[in-house]
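Here's the structure we're looking at; comments come further down.
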Amino acid sequence: MLIISINAGSSSLKFKLYNMPRGTVICGGLFERIDLESGIFTLKINGTKEEKHLQVPSHGFALQMLLDTLISKKIIKSYHDIKAAGHRVVQGGSLFKRSAPITTTSKAQVASLIPLAPLHNEPELNCATAFEAILPNLFQVFVFDTSFHQTMEEADYLFPIPYDLAMKHQLRRYGAHGTSHQYLAKIVEQKIIRNKKSYKLISCHIGSGASICAIKDGKSIATSMGLTPLGGIMMGTRSGDMDPSVYYYLQKLEGLTNEATFQLLNRKSGLAGVSMLSSDSRDVLEAEARGDKNAIIADELFVRRSADFISQYYGRLGGADVIVFSAGIGENSPEYRERVVRSLEEAYKLDIDLELNKKTRGTFMKLSTPKSKVKIYVIPTDEELMIAKDAYQLYQEQQNEPK
Ligand code: ADP
């Protein structure tokens, strides 16, 4: 059965078409620069990559073009071959504890959360609505980045601000990357923990956006991202946690507006801000090798911020059975992994095979040696597959409902 997973940004749209329940990828790709002068449509199929440059005025246009391409390439015979679509949504607030079918009610709920994630929820909702207009009978679901973290206790998700204000404006930690952390936990259960019922996992999703999650027996108990993805560890362009008064002083001393300060912390900080070079960890690492001072401190800060959260969660969980590294940097940067592990090895008796670590990029691998008190793995994440699985499951549930 064909299921499509969709991840829409304000000017981009990523997709992957799966054959479920096996989870085989039929094709995937993305539209970039939507609503800009020149857009790009990339289609990846059977190991080949085709790129088209054209104007893509809207998400609806992109979806129509995608469906027509799938037909012209004989991947589908008609639109109805696709049985369900799963749409990634960043902010599900406290409203969604799991993925949900797209209905008038769930759309209104996602819309009500736009103030908490304006850059994400709005384009995601618009994309789902555009899909509905083209395929009105298609079964569609929302899959939220936040729902996996809805198991956190109040003492883990509250911020110490006046309680009435926190409640009034729903200002609390929601976390993000939940789909990825949940996927990683499932792989850990299947391949590492196996029959053991109880386990403690520290999951590190370290890409441009990065978060760390403390997971106990498959449930998120604490996570580094906060009200929005700006919180937590240092990232490619985001500052992560810091003394909130920095916000006040930046505004006051630089004469920045509230909006400009928020943008500065979201888009111009992190690795990009400290290195004053690039948000891409490869560029910063290269500059560090040349002796660039800002690159050296940027990388050091990046590693320490991650290590601090791993330490915190080691304490919160009362130890850890497994630490997992994933996403762009976690999967592909041996330097980052080695430095994080080295900075914690004395405290937590960690040990990895350094040669194996150097060779490991983008593949499932056990890095820890038998001497290590905690098992350390690299596991490639797959958020799109998780979205397709949820869409498939909800589709099955809907089919089995008494009519
Ligand atoms: P996001 O999905 O949040 O945009 P990714 O998970 O794609 O981010 O991660 C992007 C980061 O991963 C970049 O900093 C990039 O430098 C890093 N990265 C990707 N491939 C490699 C690689 N082969 N070696 C080192 N770092 C890599």
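The values are calculated or read from the model by the stated rules, or taken from the named source; none is laboratory data. Because the structure is a prediction, the values reported are computed rather than measured. A quick note on method: Cβ atoms are made from the backbone with ideal geometry, for glycine too, and the neighbour counts reach across all protein chains shown.
Remarks
- Residue match in the stretch 295-310 (condition: outside any helix (DSSP H, G or I), modelled with pLDDT of 95 or more, within 15 Å of the ligand (Cβ to nearest atom) and not basic (Lys, Arg)): no
- Criterion: buried (at least 19 other Cβ atoms within 10 Å of the Cβ) and either over 25 Å from residue 218 (Cβ atoms) or touching a helix residue (DSSP H, G or I) at 6+ places or on another chain (Cβ under 9 Å) (or both) - qualifying residue of 362, 328, 319: 328
- Qualifying positions in the stretch 189-243 - under 20 Å from residue 341 (Cβ atoms), out of contact with any Leu (no Cβ under 9 Å at 6 or more places or on another chain) and of a type in the set (S, T, N, Q): 211, 224
- Per-region count, the stretch 104-116, residues buried (at least 21 other Cβ atoms within 10 Å of the Cβ) and either assigned to a loop (DSSP other than H, G, I, E, B) or modelled with pLDDT under 95 (or both): 1
- Flag if residue 123 is under 21 Å from residue 177 (Cα atoms) and modelled with pLDDT under 95: yes
- Subset tally (residues that are loosely packed, with under 15 Cβ neighbours inside 10 Å and assigned to a loop (DSSP other than H, G, I, E, B)) for the stretch 11-22: 2
- Search result, residues across the stretch 269-287 that are assigned to a loop (DSSP other than H, G, I, E, B) and either among the β-branched types (Val, Ile, Thr) or within 11 Å of the ligand (Cβ to nearest atom) (or both): 278, 279, 280
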